[in-house]
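First up is the structure itself, then whatever we jot down about it.
The values are calculated or read from the model by the stated rules, or taken from the named source; none is laboratory data. This is a predicted model, so every value here is computed, not measured. Here the Cβ is made from the backbone with ideal geometry for all residues, glycine too, and neighbour counts use every protein chain on show. Surface accessibility is based on the protein's heavy atoms, side chains included, excluding ligands, DNA and RNA. Shrake-Rupley method; radii C 1.70, N 1.55, O 1.52, S 1.80 Å.
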Amino acid sequence: MVILRCRFLTINLAPLRPSHFQSHKLHTTRFFRTPNLIISTPRITSSSSLPTSRSISDEARFARSVLFIPPGVEIEELKDDMVLPGSNIVIGPFAGHSQIKQVEFVKSSARARDCPKDDLPEIAILGRSNVGKSSLINCLVRKKEVALTSKKPGKTQLINHFLVNKSWYIVDLPGYGFAKVSDAAKTDWSAFTKGYFLNRDTLVCVLLLIDASVPPQKIDLDCANWLGRNNVPMTFVFTKCDKMKAAKGKRPDENIKAFQQIIRENFKQHPPWIMTSSVSGLGRDELLLHMSQLRNYWDQ
Ligand code: GDP
């Protein structure tokens, strides 16, 4: 399933496979703020329906086995260089100015209703504790101290808003799966972060961070499935892709492949995904470009 949000509606382009989510509501219209609007549905599709074109090379078959094709891109126009390296993301006409020139911490909120009310689009960053979230935020904004704010005692369980270029927000969400916190604290995380996802109309997309240096983790898959079931648009951002194979472990690309295979069983269409490393800067500019196209589409 691929979902895109624009300012007035959410477009849910493909149902989840019923065998996995039979008991859950599909195709909710929760975000349709203007129900009478006539919608021109943008085309998002998987490459399984692509014509066999020579413009897509064999070497890239795995990375492009399921493409994220944004609004404004015709399948027939697809070329290799439209796909961001290390991702399944096609860049389309909504991609634009993406670099971060200015960033400022705005506030920490305990509930969705306490978050900024200025209606600016926001992209939230979520992941298991230690996944590399702070490192990625600092890498994106090219400042060492930005995400540290959320690591200060008392702020770790809060929703932290950073205003970027005075026009959109990066939202640092509490990490899940803390090894050292009590069950009660874990439940708190669920309740309040889920409240944010379900009630935040200005949320353009969630970047769900997945540690590529370890095999697929149930807690990450549960999180992805929950977001999918609740029509929250997400992009998988694989972190630590620079890490070499551990003694007995698998390489990042093998872990990513295993994760994708499980996701493919649960999602009819694969969400966008991208490989990154905060150490080498891999995927940084590409991720920013993808974020710009999601934002600009939302803002149209
Ligand atoms: P957070 O708890 O999700 O905010 O994770 P941190 O950003 O604090 O990172 C957790 C650990 O992973 C730290 O030891 C980082 O140095 C390390 N780390 C984070 N990103 C990367 C990366 O891209 N590559 C490598 N090799 N290590 C990373």
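Per-structure values
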| read-out | value |
| --- | --- |
| Pairwise label distance in nanometres, Met244 with Asp201, each label 7 Å out on the Cα-Cβ vector | 5.3 |
| Accessible area per residue in Å² at 1.4 Å probe, computed on region 200-300 | 37 |
| Neighbourhood net charge (12 Å Cβ-Cβ; Lys/Arg +1, Asp/Glu -1) for Pro121 | -1 |
| Residue-wise HN-Hα coupling along region 276-292, computed from phi with Karplus coefficients 6.51, -1.76, 1.60 (Hz; x: Gly, Pro) | 9, 8, 6, 7, 9, x, 3, x, 4, 5, 5, 5, 4, 5, 4, 4, 5 |
| Relative contact order computed over region 218-300 (Cα-Cα under 8 Å; 6+ residues apart), in percent | 31 |
| Whole-percent carbon and sulfur share, accessible surface of region 62-113, 1.4 Å | 54 |
